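Rule-based calculations on the coordinates, nothing more; no lab input. A quick note: this is a predicted structure, and the numbers were derived from the prediction, not measured. Positions of Cβ are backbone-derived with ideal geometry, glycine not excepted, and every protein chain shown enters the neighbour counts.
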Amino acid sequence: MVKPRKMERGAGIQGDLDVRHYDRMMRRMRDKGWLEIREILKTGIDRGLALEVGPGPGYLGLEWLKKTTGTSLKAVEISPAMIEIARRNAGEYGFSDRVQYVKGDAGKIPFEDNRFDGAFTNGSLHEWAEPKNVLHEIYRVLKPGGKYLVSDLRRDMHPFVKWFMQAVTKPKEIRPGLRSSIAASYLVEEIEAILRNALSGGFRVEKKTMGLLITGTKAG
Ligand SMILES: C[S@@+](CC[C@H](N)C(=O)[O-])C[C@H]1O[C@@H](n2cnc3c(N)ncnc32)[C@H](O)[C@@H]1O
């Protein structure tokens, strides 16, 4: 029996120390090639202007920019401390002119309708107060035919996988945050029910070893 969802306290990782630990963890994941860029490209998000929701320190979007040509990225992030780190990381990549980080709540994305060719977000879904609103917003700002990808943890992952994730997560200070994120994450069935109510177009939810993956296209 899977335990009910337990929301994390506060919206996002806000404290300076948490943010620095999180940056170190994601940098290490980037260096090991563990970020899900291939999934994003496979979905067809590979051109034009993309939106990233909750970029944190920014590595996923920055790697996406690196793997694509003639692209640019706008990202909406609730935590000012994360934005500061993401901007610094963008400078390190030499991509400051291709990416813009905007402070805002994904429940009210500060961009106009039909603006983006694609949208992606990783590890943020379980922190959204109202995922239905965010999914609506992602849909609203996509151009017709635009693709989206939402990936996150799922709390019914196999206990061995959970144990393994904890073991490889470094620095170790981030492990309690990983446990609370897993406890706050959705089951595939839960997210399917939310999507059915939120979106008119088709979508797909896949169960992955460590999480879940939602993909879809805005109706043309
Ligand atoms: C666990 S981190 C994931 C960061 C990054 N996407 C990654 O893959 O490493 C979740 C991020 O989502 C941000 N976030 C949470 N709720 C948000 C919201 N409502 N609007 C915008 N960003 C949000 C947090 O501040 C945090 O940076």
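General observations
- Distance (nanometres) between label positions extended 7 Å along Cα→Cβ at ASN114 and LYS6: 4.7 nm
- Gain in span if fully extended, GLU84 to VAL168, counting 0.36 nm per residue against the direct Cα distance: 27.6 nm
- For the set LYS42/LYS67; LYS103/LYS218; LYS172/LYS207; LYS66/LYS208, the pairs lying more than 21 angstrom apart at their alpha carbons are LYS103/LYS218; LYS172/LYS207; LYS66/LYS208.
- Gain in span if fully extended, SER96 to ARG27, counting 0.36 nm per residue against the direct Cα distance: 23.1 nm
- In this label model, LEU178 and SER72 are separated by 3.7 nm, measuring between points 7 Å along each Cα→Cβ vector.
- Neighbour counting of Cβ atoms within 10 Å sorts the residues HIS158, HIS126, HIS136, fewest neighbours leading, into HIS158, HIS136, HIS126.
- Exposed loop sites here are trypsin sites (Lys or Arg not before Pro) assigned a DSSP state other than H, G, I, E or B and surrounded by at most 14 other beta carbons within 10 Å; excluding them, the longest clear run of the chain is 48-220.
- In the chain, helical runs assigned H by DSSP with n ≥ 4 each contribute -39500 (n - 2.57); averaged across all residues and rounded to the nearest 500, the mean residue ellipticity at 222 nm is -12000 deg cm²/dmol.
- Under the Karplus curve 6.51 cos²θ - 1.76 cosθ + 1.60, θ = phi - 60°, whole-Hz ³J(HN,Hα) for the range 60-69, x wherever Gly or Pro sits: 4, x, 5, 5, 4, 4, 5, 8, 10, 10
- Virtual spin-label span in nm between HIS158 and GLU189, 7 Å along Cα→Cβ: 2.1 nm
- P(r) weight above 30 Å for the chain, C-alpha pairs, percent: 17 percent
- At most 10 other Cβ within 10 Å, DSSP loop - chymotrypsin sites (Phe, Trp or Tyr not before Pro), the range 117-220: none
- Computed about the Cα centre, the dipole magnitude for the range 68-203 is approximately 280 debye when only Lys and Arg (+1) and Asp and Glu (-1) carry charge, each at its Cβ.
- One chain, two ends: LYS208 and LYS42. Fully extended at 0.36 nm per residue, the span grows by 58.2 nm beyond their Cα-Cα distance.
- Options GLY216, ILE45, VAL205, ranked by Cα towards positive dipole end of the chain, top entry (Cβ charges): VAL205
- Rel. contact order, % - alpha carbon contacts under 8 angstrom, at least six apart, the chain: 22 percent
- All C-alpha pair distances within the range 126-220, sorted into 10 Å bins from zero, spread as 15, 44, 27, 14, 1 percent across the bins.
- Antiparallel bridges, percent of DSSP beta bridges restricted to the chain (to nearest 5): 40 percent
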